[in-house]
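One structure below.
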Amino acid sequence: MYKKINKLAFGSGSSVVVERCQVCGNENLEQVLFLGYLPPVNRMQPIGEAPHEQPSYPALVLHCPRCQLVQLGLIVDPKIIFPPEYPYTSGTTKILRENFAELGRECRTIVNLAREDLVVDIGSNDGTLLSNFVSDCRVLGVTPEDVGKLAIERGIPTIISYFDRDVVAKIVAQEGHAKIVTAANVFAHIENIHEIVDCILELLSQDGVFISESHYLFSLVETLQYDTIYHEHLRYYSLHSLKYLLEMHGLEIIHAKRIPTHGGSIRVYAARRGTYPVRDTVSALLDEEKQAGLNKEKLVEFKKRVVLSKLEGHSLLLDIKKQGKRIYGIGAPSRASTLINYVGIDDGILDCVMEVKGSHKIGNYMPGTIIPILEESKLFEEQPEFALLLSWHIADELMPKLKQKGFRGDFIIPLPNPRIVRNSEI
Ligand SMILES: [Zn+2]
């Protein structure tokens, strides 16, 4: 049934409108929110270059009433979203490292791992996740980026390739089946999700366990993280929609929990139906979602909150700009592009955006604008009255750091409720 999928955008050089649910095939999808036409976040124009024609893509958010998946209404060819010059950085932060260490400990309470068992990580990047397994079992990473070479240098065997049937056949022939397969932040990005789950099933041993981590729809709605909506993220999962997807392939969720990465994510353990006891955590989180009512009504309310936060943001910025004060942005993560373009922040409002020394984004304009991205030292030299935190989900970590480095101005936190935090309060 799930073979009836949308036409693929991959390799089309263009985009494809989602006509049926990416998971269950339902053609009656409900519109939740339209964030306008957004430019691709990784295509930046150099400072000084005259703005020229650029594509932008509609960000319409849809909800499937059958499987509960929230998804984008347009899939853009990954070759446009991830151009070859896309300078990929691993983004392995302290919070990610701690999370993967915790995953390593937790999964041993569920699966008995022997020395000869194999752990495969899909999208293994620099090998951080697998470093928690390398001392007591066999590990193998699969990652398409060159950063995989870094993992190999660190002693983590890694295949530099996309995860597909050919790679799975090669792994099974050479290494055997995997006791554990992990995929952190993979499920939202890959177009043909059913193909990926099929590949995971082929790779897993009969008693194998699949562990996935995805940005969590519940957190997105609760804390109004609409700025994590952009064309790299095709799907926004709840436990209900993950359950629906995995059950279509005969997998059963045996444990689920919320984790703090990326502003709120969900970790799910799944295995072939009946091979492991199902922990109470699964029904508890499903109940929590039901009580919160992640349904059409809740999503309509979400849209209203998004609109109000935009208008409140305008009002806060109006007061500051009337007084002729300067605002510098802090950080240019992908999510900043959605916020800036949706709220309509231009170079007259935001003087510039600061990135730490060494960032490949320095020297370019923010996508869709002519707001320059400059090196962070400028913040401390010029001391603007306000710093707008574009990575606001880690505001508590950022504010003391900037103050300690010498910033004397105040902070603007744009979401969920736009507000000012005085430097003296830090
Ligand atoms: Zn669906």
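Do you know which of the residues in the range 188-216 that are under 11 Å from the mean Cα position of the chain (by Cα) and buried (at least 24 other Cβ atoms within 10 Å of the Cβ) is farthest from residue 42 (Cα to Cα)? Quick ask: steps written out before the conclusion?
Residues of the range 188-216 that are under 11 Å from the mean Cα position of the chain (by Cα), as a first pass: 188-189, 213-216.
Then drop every residue that is not buried (at least 24 other Cβ atoms within 10 Å of the Cβ), which leaves 214, 216.
Numbers: 214: 21, 216: 23 Å.
Once the filter is applied, the top-ranked residue is 216.
So which residues in the range 241-288 are among the polar types (S, T, N, Q) and outside any strand (DSSP E or B)? Across the range 241-288, the qualifying residues are 241, 261, 275, 281, 283.
Every condition in (1) free of Cβ contacts under 8 Å to residues at least 60 places away in the same chain; (2) over 30 Å from residue 374 (Cα atoms) is met by residue 53 except one, and the failing one is (2).
Where strands (runs of 3 or more DSSP E) fall entirely within the range 33-92, those with at least 3 residues that are within 16 Å of the ligand (Cβ to nearest atom), at pLDDT 95 or above and surrounded by 14 or more Cβ atoms within 10 Å (Cβ to Cβ) are at 57-63, 70-72.
Residues checked against (1) under 12 Å from residue 180 (Cα atoms); (2) in contact with a helix residue (DSSP H, G or I) (Cβ under 7 Å, 6 or more places away or on another chain); (3) of a type in the set (D, E, K, R):
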residue: 101; (1), (2), (3): no, yes, no
residue: 121; (1), (2), (3): yes, yes, yes
residue: 131; (1), (2), (3): no, no, no
residue: 139; (1), (2), (3): yes, yes, no
residue: 143; (1), (2), (3): no, no, no
residue: 148; (1), (2), (3): no, no, no
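Checking each residue in the range 1-32 for being acidic (Asp, Glu), assigned to a loop (DSSP other than H, G, I, E, B) and either more than 16 Å from the ligand (Cβ to nearest atom) or touching a residue at least 40 places away in the same chain (Cβ under 8 Å) (or both) picks out no residue at all.
The values are calculated or read from the model by the stated rules, or taken from the named source; none is laboratory data. Keep in mind it's a predicted model, so treat the numbers as computed, not measured. When we count neighbours, we look across all protein chains shown, and the Cβ atoms used for this are built from the backbone with ideal geometry, even at glycine.
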